[in-house]
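See structure below.
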Amino acid sequence: MSNENLKISLQYYGISPWEIEVIYGYLNSRFMISQEEIEANDENFVSFLNIDIPLAFNEEFFQWFDFRRWEKMKAVFKEMKRRRGAGNALKININFFGNPKIIFVIDTDDKQLYDNAIEKIDFVLELLPYHLDPEKLPPNVLEIIYKFDPQTARWRLKTAKSENKSYSFSGDRWN
């Protein structure tokens with residue numbers, strides 16, 4: 001993969017210049033970066049970071065991006081939460097633009113569970129073949145959203161969207 005045409009997008013509010021600079025530094029060697037400070041759009045969170053990654057969420061991404069660099073990114077995300085304390089202070093959306101688009105929503109209020117969510121994002125890779133099995137997915141899914149479940153301390157399928165339908169995952173099936 002070449003970084004010449006790969007443009008990553010960052011939208012954020014309530015994120016310090018230092019935090020953005022560190023994230024920018026880790027991403028800059030692999031992507032062209034577009035960043036935009038936006039107006040607060042969720043009164044439940046003091047800080048918000050949205051990352052649009054123009055690649056699929058798969059093993060090849062992590063090999064190309066470099067495991068060590070990914071670990072450093074996760075450390076920054078955890079530090080961001082530590083600096084904000086308890087409660088719903090920070091929400092991060094990480095969007096991988098594969099087919100389907102995979103979205104991780106990290107908004108857990110407890111710091112230990114938040115850190116656990118960050119650590120376990122890459123564990124979802126092992127479940128992806130099962131989750132993306134065409135016989136188990138609703139038809140023509142374009143987007144899948146994962147949400148961290150604090151009760152079980154695991155990433156769970158939350159919703160799937162096709163062009164004109166939205167499905168929610170409950171139990172072991174899509175509704």
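Got a number for carbon plus sulfur as a percent of the chain's accessible area, 1.4 Å probe?
46
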Per the Cauchy relation, a quarter of the hull surface: what is the mean projected area of the convex hull of the alpha carbons in the stretch 1-54, in nm²? 3.8
Which of the aspartates and glutamates could a cross-linker bridge to residue 136, judged by Cα under 15 Å and excluding same-chain residues fewer than eight apart? 172
Contact order relative to length for the chain, counting C-alpha pairs under 8 Å separated by 6 or more residues, stands in percent at 17
Across the alpha-carbon set of the stretch 53-157, Rg over Rh with Rh taken as the Kirkwood radius works out to 0.97
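Rounded to the nearest 20 debye, what is the charge dipole size of the stretch 1-152 about its Cα centre when +1 sits on each Lys and Arg Cβ and -1 on each Asp and Glu Cβ? Working shown, then result.
Values: 17 positive and 25 negative charges, 72 e Å.
For the stretch 1-152, the charge dipole is close to 340 debye.
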At 0.36 nm per residue, and after removing the present C-alpha to C-alpha distance, how many nm does the segment from residue 24 to residue 119 gain when stretched out fully? 32.2 nm
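Where both partners of a DSSP beta bridge lie in the chain, what percent of those bridges are antiparallel, to the nearest 5? Write out the running numbers ahead of the final one.
Working: 22 of 40 bridges.
Roughly 55 percent of the beta bridges in the chain run antiparallel, per DSSP.
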Bounding extents of the stretch 130-175 in its principal axis frame from Cα atoms, largest first in Å, are 31, 19, 15
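If you take the Cα atoms of the chain, find Rg, then find the Kirkwood Rh from the mean of 1/r over all pairs, what is Rg/Rh? Show your work: numbers first, answer last.
Numbers: Rg = 16.0 Å, Rh = 16.9 Å.
In the chain, Rg relative to Rh is 0.95.
At R0 = 22 Å, how high is the FRET efficiency between residue 35 and residue 56 if r is their beta carbon distance? Nearest 0.05 is fine.
Values: r = 22 Å, r/R0 = 1.01.
It comes out at approximately 0.50.
Within the chain, what's the longest stretch lacking GluC sites (Glu not before Pro) that sit in DSSP loops with no more than 11 other Cβ atoms inside 10 Å?
Of all site-free stretches, the longest is 44-134.
Considering only protein heavy atoms, what per residue accessible area in square angstrom results for the chain with a 1.4 angstrom probe?
55
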Give the residue list of trypsin sites (Lys or Arg not before Pro) in the stretch 107-151 that are DSSP loop and have at most 13 other beta-carbon atoms within 10 angstrom. 136
Taking the Cβ-Cβ separation of residue 154 and residue 86 as r and a Förster radius of 22 Å, what is the calculated FRET efficiency to the nearest 0.05? 0.55
Quick check: pseudo-label points 7 Å beyond the Cα along Cα→Cβ at residue 63 and residue 165, how many nm apart are they? 3.5
What FRET efficiency comes out for the pair residue 174/residue 99, r = Cβ-Cβ distance, R0 = 22 Å, nearest 0.05? 0.80
In this structure, among 72/147; 72/165; 7/147, pairs with alpha-carbon gaps over 31 Å are 72/165
Two decimals is fine: what is log10 I(q)/I(0) at q = 0.13, 0.16, 0.17 Å⁻¹ for the stretch 20-101, from a Debye sum with one equal scatterer on every Cα and no solvent? -0.47, -0.71, -0.79
With unit charges on the beta carbon (Lys/Arg positive, Asp/Glu negative), name the residue among 142, 105, 14 whose Cα is farthest towards the positive pole of the charge dipole of the chain. 105
Whole angstrom only: what separates the Cα centroid of the stretch 98-154 from the Cα centroid of the stretch 3-56? 20
Find how much the distance from residue 140 to residue 76 grows on full extension, using 0.36 nm per residue of separation minus their present alpha carbon separation; answer in nm with one decimal. 19.5 nm
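The values are calculated or read from the model by the stated rules, or taken from the named source; none is laboratory data. Nothing here was measured: the structure is a model prediction, and the numbers come from that model. Here Cβ is always computed from backbone atoms with ideal geometry, including for glycine, and neighbour counts include all displayed protein chains. Heads up: the accessible areas ignore ligands, DNA and RNA and are worked out on the full protein's heavy atoms, side chains in. Shrake-Rupley method; radii C 1.70, N 1.55, O 1.52, S 1.80 Å.
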